[in-house]
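Below is one structure, written out as structure tokens, with a few remarks after it.
FYI, it's all coordinate maths here, none of it is from the lab. What you see is a predicted model, and the numbers here were worked out from it, not measured in a lab. Cβ sites come from the backbone with ideal geometry, for glycine too, and all protein chains shown count toward neighbours.
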Amino acid sequence: MNKLVEFEDTQAALYLLRLSFGICRATHFMRTTPLSLWSEQAAKFDSVVGHTVFQCLGLKPVPEAYDQASVSTKIGGLGIRRIVDHAKGAFTASWHEAQLITHETFTNIFREADCSAVYEPQQKASSKTDADIMSKLKESSNPRDAQRLSRLDSPHANSWLSARPSSMDGKDTILPPKIFRTAVARLLGHPCSLLLPLVLFASKKWICLSLAMLQEVRRQNYEAQQCAEPRVQTR
């Protein structure tokens, strides 16, 4: 995790964290062991991953931002899922699917918090968990943040997060670290000191560009007017 924090490319660091260093490392335990038997280890692992995310981004860890980061990128998160949220769905799916594979019937001796009597595929259970987390965020947010979260839940709105940061097919999917961190901070609704100079720079640049365009339009209008005016010949 420390190597990811020190990694020079923030986009690549989060990409690796999501696909290689995060919850995928615990998939075997989630599918085979009830969460109640290793809840302390799971919570510690989630905490380390969460802190790594915000260290990579250079942001202060805020509970609301961490909740949003823990849901799928499809609905406005960073895809850094937590074990404590998805372990029940994984173990439930594994327990029911094992009976189908072995053609046997098992007796459910586990707690409801560990294994549900109703079968759901793991992918469906995880999507439902993500949707519940996002719904709670919207309910507890102010109208402005609720609208921000609703707009993120749109097709392809967050594709830039899941795109592979590779230059093999061009550099369209690669974002410089500062721009990537700023974009993620904006997505999470997180106050970031990096945003202010960027906004000021963008505003100043836009004002200069607007003035230049206005001057160009005025020049073209003047030239067009001069050409349209009939010339008076003097004798």
What number of lysine-lysine pairs in the stretch 2-192 show an alpha-carbon separation below 22 angstrom, given a sequence spacing of 8 or more or placement on distinct chains? 20
Once the Cβ-Cβ distance between Ala98 and Ser135 is put in as r, and R0 is 41 Å, what FRET efficiency do you end up with, to the nearest 0.05? 0.85
Rounded FRET efficiency, nearest 0.05, which uses the C-beta distance separating Asp145 from Glu8 and R0 of 45 Å: 0.90
If you add up the charges near Ala93, with Lys and Arg at +1 and Asp and Glu at -1, over every other residue whose beta carbon is less than 11 angstrom from its beta carbon, what do you get? +1
Can you list the GluC sites (Glu not before Pro) in the stretch 1-96 that are in a DSSP coil and have 10 or fewer other beta carbons within 10 angstrom? Glu6, Glu8
